[in-house]
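Worksheet: one structure, shown below.
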Amino acid sequence: MTYRCLLPMVLLLCFSTTALSRSYSLLRFQQSQSLAECQKLLGQLPSTPHHCLEFRMDFQMPEEMNQAQQFQKEDAILVMYEMLQKIFNILTRDFSSTGWSETIIEDLLAELYGQMKRLQPIQKEIMQKQNSTMGDTTIPHLGKYYFNLVQYLESKEYNSCAWTVVRVQILTNFSFLMGLTGCLRD
């Protein structure tokens, strides 16, 4: 009797693992496509005027992000979700002084929202497990980094040069996000 129950359980475990790995493959593909679209949209915004070069600043991306390709899947998802959420929040601020196209920003926000929506169920599941991970230390550092970006925008009264500097930072963030997406391998 025990052996009859064992076979279905083994098969169920095999299929659930296969389904999960397929979902990671699909998630990796979807995130990569969406991030590429975000980069394209951000690239369509007006580029840096030369007089804005003096506004440049080093916001110090957390050091852990330089080893993003070494993150575990769970860590990568937590960090990606946090980054996307913070970028989304920044882009909903007052950018009226930039002359940026509202349509492009709306499309960019829609892409970011779609990415967060895909990551959210997995992110919640990881958070419920409450295992100590590399993401636990990286996320507070990211919080400080994004706080500094917002403080910078506020201190410059959301002027176009400040937004240009932040736009470059966000483009760099998309490169980090692409690296994190690579961690979602099977």
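None of the figures in this text is laboratory data; all of them are computed from the coordinates on show. Note that the structure is a prediction, hence the values are computed from the model and not measured. In this analysis, Cβ positions are derived from the backbone assuming ideal geometry, glycine residues included, and neighbour counts consider all displayed protein chains.
Any chance you could run the full-extension gain for GLN69 through ASN159? It's 0.36 nm times the residue separation minus the Cα-Cα distance, nm to one decimal.
Values: separation 90, 0.36 × 90 = 32.40 nm, distance 3.49 nm.
Stretched out fully, the GLN69 to ASN159 stretch lengthens by 28.9 nm.
Summing charges over neighbours of ILE104, with a neighbour being any other residue whose Cβ is under 12 Å away from its Cβ, gives -3 when K and R count +1 and D and E count -1. Couplings 3J(HN,Hα) of region 164-174, computed from phi: 5, 5, 5, 4, 5, 4, 5, 4, 5, 4, 5 Hz, in residue order, whole Hz [Karplus 6.51 cos²θ - 1.76 cosθ + 1.60, θ = phi - 60°; x for Gly and Pro].
What is the gain in length, in nm to one decimal, between LYS144 and ASP58 on full extension, counting 0.36 nm per residue of separation less the C-alpha to C-alpha distance? Mind showing how you got there, number by number?
On the way: separation 86, 0.36 × 86 = 30.96 nm, distance 1.31 nm.
That pair, LYS144 and ASP58, stretches by 29.6 nm at full extension.
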